[in-house]
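Read through the structure below, which is laid out as structure tokens, and then see the notes.
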Amino acid sequence: MQKILLVDDEPRMLDLIELFLQPLGFICMKETSGKKAIEILQNEKVNLVLLDVMMPEMDGWEACKKIRKFSDVPIIMLTARSEKLDLVKGLNTGADDYITKPFDEKELVARVNAILRRLSVNELEEVSITYEAFRLNRETYSLQYHDAIVQLTLKEFYIIEALITRPKKTYTREELLNAAWEFSTYTDTRTVDSHIRNLREKLKANGFPIDEFLKTVWGIGYKWS
């Protein structure tokens, strides 16, 4: 059974999400503190985290940043705020998806299932994809270039996977949304731009000559050249 860590300072919200997910066979762990959630993730295997943004002491953005320093567990941010800047900020901290409260039960379940289904599919495929000096690993969700290895978030991985498996194809932002989320979660394609920007910064910082390969096709989208 897959284990989901629910993090929200409102116990009623935790109980509501558990009510949605538990009948589907998920084990739900509930926590009201970002710090406590980090401790759990450092000591237990968890398949997915649903992380509220607006929490006292440590907000969801800060918790997400700290989690990303040691774990690539999929993270879905939950927030009552719907501004686009909040969406971009959430993705910049390393979150994989973003749901605005109040949310529909079917939407929440669809997002959770989509992420976990993609993880299961990857386990059945070839472990790695290679292109020239690059090696994309489906088991560790990492990208290797010669001796340098960078850990990717789930959505970063899916974007790179789409680009590298069809080099020279120009992907529109909508196509990359579908590749990474299975459905167009957002109408705002800045979601893809945020992930691409994060990827470039992360890979450059680790010595990857990413500008030689990950190209922006102005007015259309991106390609792996």
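The values are calculated or read from the model by the stated rules, or taken from the named source; none is laboratory data. Just so we're clear, the structure is a prediction, and the values are computed from it rather than from any experiment. Positions of Cβ are generated from backbone atoms using ideal geometry, with glycine treated the same way; all protein chains shown enter the neighbour counts. The accessibility values were calculated without ligands, DNA or RNA, using every heavy atom of the protein model including side chains. Shrake-Rupley method; radii C 1.70, N 1.55, O 1.52, S 1.80 Å.
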Quick one: R81 ticks every box in (1) closer than 21 Å to L24 by Cβ; (2) surrounded by fewer than 16 Cβ atoms within 10 Å (Cβ to Cβ); (3) modelled with pLDDT under 85 except a single one, so which number is it?
-> (1)
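Here is a yes/no grid of residues against (1) touching a Phe, Trp or Tyr at 6+ places or on another chain (Cβ under 9 Å); (2) polar (S, T, N, Q); (3) modelled with pLDDT under 85:
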| site | (1), (2), (3) |
| --- | --- |
| V73 | no, no, no |
| I76 | yes, no, no |
| D86 | yes, no, yes |
| Y131 | yes, no, yes |
| T140 | no, yes, yes |
| A180 | yes, no, yes |
Between a first residue in segment 211-223 that is in contact (Cβ under 8 Å) with a residue 24 or more places away in the chain and a second residue that is surrounded by fewer than 17 Cβ atoms within 10 Å (Cβ to Cβ) and among the basic types (K, R), which pairs have beta carbons less than 8 Å apart while being 6 or more apart in sequence or on different chains?
-> L214/R200; Y222/K215; K223/K168; K223/K169; K223/K215
What tally of residues in segment 133-151 results from selecting those that are more than 17 Å from F213 (Cβ to Cβ), open to solvent by less than 90 Å² (accessible area, probe 1.4 Å) and part of a loop (DSSP other than H, G, I, E, B)?
-> 3
Within segment 54-64, the residues that are more than 15 Å from the chain's Cα centre (by Cα) and either assigned to a loop (DSSP other than H, G, I, E, B) or of a type in the set (G, A, S) (or both) are M54, M55, P56, E57, M58, D59
Quick one: what pairs do we get from segment 43-71, first residue in contact (Cβ under 8 Å) with a residue 24 or more places away in the chain, second among the acidic types (D, E) and in a loop (DSSP other than H, G, I, E, B), C-beta under 7 Å, 6+ apart or different chains?
-> D52/D8; D52/D9; V53/D59; M55/D9; P56/D9
Residue count for segment 1-56, restricted to those that are open to solvent by less than 70 Å² (accessible area, probe 1.4 Å) and touching a Gly at 6+ places or on another chain (Cβ under 7 Å) | 6
Within segment 88-105, restricting to residues that are surrounded by fewer than 17 Cβ atoms within 10 Å (Cβ to Cβ) and among the polar types (S, T, N, Q), the one that is modelled with the lowest pLDDT is N92
What number of residues within segment 160-184 are assigned to a helix (DSSP H, G or I), more than 16 Å from I75 (Cα to Cα), under 15 Å from the mean Cα position of the chain (by Cα) and in contact (Cβ under 8 Å) with a residue 24 or more places away in the chain?
-> 3
Here are some residues: K202, K169. Which one is modelled with pLDDT of 90 or more, of a type outside the set (F, W, Y) and either open to solvent by 30 Å² or more (accessible area, probe 1.4 Å) or under 23 Å from A148 (Cα atoms) (or both)?
-> K169
So is D211 at pLDDT below 90, in a helix (DSSP H, G or I), open to solvent by 10 Å² or more (accessible area, probe 1.4 Å) and more than 30 Å from V109 (Cβ to Cβ) or not?
-> yes
